[in-house]
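The values are calculated or read from the model by the stated rules, or taken from the named source; none is laboratory data. Note that the structure is predicted; figures quoted are calculated from it, not measured. Virtual Cβ from ideal backbone geometry, glycine too; neighbours counted across all protein chains shown.
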Amino acid sequence: MLGGGTEPDPRFTLANERTFLAWIRTALALLAGGVALEAFTADTFAEPVRSGLAVVLLLLSLMLAVAAGIRWLAVERAMRRQAPLPLSLLVPVLAGGAALVAAAFLAVALGGA
């Protein structure tokens with residue numbers, strides 16, 4: 001699964017694992033936020049807005065968890081082959097999703113929903 005190469009310094013492998021776990025922690029926070037939004041904000045948001053925001057948070061959580069696993073494997077392979085580390089798509093996807101959710105919250109706070 002790792003595609004050969006030489007065993008990297010354990011410190012680098014452990015750092016890669018910690019980064020993976022940080023992304024998973026973020027995915028779990030997004031998951032909890034989506035569930036909490038749907039379960040506890042019926043009085044705050046209109047139903048379509050609440051459900052839409054919850055779906056966006058849940059989809060971000062799903063994408064982030066899957067991408068974190070793929071990223072961990074790609075980095076581990078690159079380290080074993082002593083190749084450059086791959087560029088991550090996690091950051092722009094997460095930033096775009098967070099901006100979308102923040103814009104929706106701002107619209108509701110300003111009375112637009």
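Miscellaneous remarks
- Qualifying residue in region 62-76 (condition: among the acidic types (D, E) and within 23 Å of G4 (Cα to Cα)): yes
- No other residue among E7, E38, E17 is over 14 Å from the mean Cα position of the chain (by Cα), among the acidic types (D, E) and modelled with pLDDT of 95 or more apart from E17.
- Residue check for L2: more than 21 Å from V93 (Cβ to Cβ), modelled with pLDDT of 95 or more and either surrounded by fewer than 17 Cβ atoms within 10 Å (Cβ to Cβ) or in contact with a strand residue (DSSP E or B) (Cβ under 8 Å, 6 or more places away or on another chain) (or both): no
Okay, residues lined up against (1) surrounded by 15 or more Cβ atoms within 10 Å (Cβ to Cβ); (2) modelled with pLDDT of 95 or more; (3) under 23 Å from L21 (Cβ atoms); (4) polar (S, T, N, Q):
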residue	(1), (2), (3), (4)
M63	yes, no, yes, no
Q82	no, no, no, yes
S88	yes, no, yes, yes
V93	no, no, yes, no
A102	no, no, no, no
L106	no, no, no, no
L110	no, no, no, no
